[in-house]
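The values are calculated or read from the model by the stated rules, or taken from the named source; none is laboratory data. Here the structure is a predicted model, which means the values were calculated and not measured. Don't worry about glycine lacking a Cβ; one is built from the backbone with ideal geometry, like all the others, and counts go over all protein chains shown. Quick note on the areas: whole protein, heavy atoms, side chains included, nothing else; ligands and nucleic acids left out. Shrake-Rupley method; radii C 1.70, N 1.55, O 1.52, S 1.80 Å.
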Amino acid sequence: MSPRAHRAVVAAAVLIVACLYVYGFVLNRPEEQAEDSRPRTGPREQLVIDGAVIQGMDAGVTAWRIAAESVSVVGDQRSSSTHVRGIIHGEIMRDGEPYMTFTAGSGQYAARTAELVLDGGVVFHQDGEQLLRSDQVIWKPDESRAVVPGPAVITTSSGEVKVDSLQLDVTADKLYSEGQLVITGTSSSGDIAVRGGRIVFDPKAEALEATGPTTIEFEIGH
């Protein structure tokens, strides 16, 4: 092969390799992920975390406070949830001051709904005395309301009041229940069952008030 032909072959080979490089690494490379053009905002001021102590805010005011054995945050800033386990001490606030204290097995706070869900042997205390216990309590700070979707027990000085479900109005300091309510442990008689209507319990006065169609059944003590 003449020197000129040899140089032409080498030049053609170099050109082919260069074209393959351009195709393989430039034309055929994965597209870089486009930068998010949406404005970035900082996290909403919902939680203040200090070790294993977390604090929920509502309109700039403390709505609840929890001291737990462990705290973990799941999700991004737009849709995150905070999980707590082994709640040693918790506080439900009213006007920024402690209204009730509680303990529970675990809890979960969702930034999207601003609700705190307590699970596993939830026990509420008021003025140092046990008031309420249940398997689950949902605290809604924006409504100043706690919802107990399942059975619960209210503790009074005379005995216990068992309800199918209830709601606690923190502002009014009242407990509301519908369905069946059973009063046990009274000294003068046996159990008293109240069914139907809307039942209001005042924890301070330990008084019940029922409205609407209501049936009251007395069990005579032995």
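Side notes on the structure shown:
- Segment Asp164-Gln55, length gained on full extension (0.36 nm per residue, minus Cα span): 36.2 nm
- Total formal charge among the other residues, if their Cβ is under 13 angstrom from that of Ser106, Lys/Arg +1 and Asp/Glu -1: -2
- The figure for His83 is an accessible area of roughly 50 square angstrom, using a 1.4 Å probe on the protein chains alone.
- Near Ser106, the amide H atoms lying under 5 Å from its own belong to Gly86, Ile87, Asp119; only residues 5 or more places off or on other chains count, and H is placed 1.01 Å from N.
- Residues with amide H under 5 Å from that of Lys174, placed H, sequence gap 5 or more: Asp169
- Size of electric dipole in region 128-212: Cβ of Lys, Arg +1 and of Asp, Glu -1, about Cα centre, debye, nearest 20: 100
- Taking Cα centre as origin and charging only the Cβ of basic (Lys, Arg, +1) and acidic (Asp, Glu, -1) residues, the dipole magnitude of region 40-144 rounds to 400 debye.
- Label positions at Ile88 and Asp127, each projected 7 Å from the Cα along the C-beta direction, are separated by 2.9 nm.
- Potential lengthening of the chain between Lys174 and Glu209 amounts to 11.5 nm, from the contour at 0.36 nm per residue minus the alpha-carbon distance.
- For Val74 and Ile138, the FRET efficiency from 1/(1 + (r/R0)^6), where r spans their Cβ atoms and R0 equals 25 Å, is about 0.85.
- Phe218 sits with roughly 140 Å² accessible to a 1.4 Å probe, with DNA, RNA and ligands left out of the calculation.
- Separation between Cα centres of region 71-122 and region 138-170, rounded to whole Å: 17
- Cα-projected label distance for Phe218 with Thr184, points at 7 Å along beta-carbon direction, nm: 2.1
- Distant-in-sequence amide contacts of Ala210, defined by a placed amide H-H separation under 5 Å and a gap of 5 or more residues or a different chain, comprise Val200.
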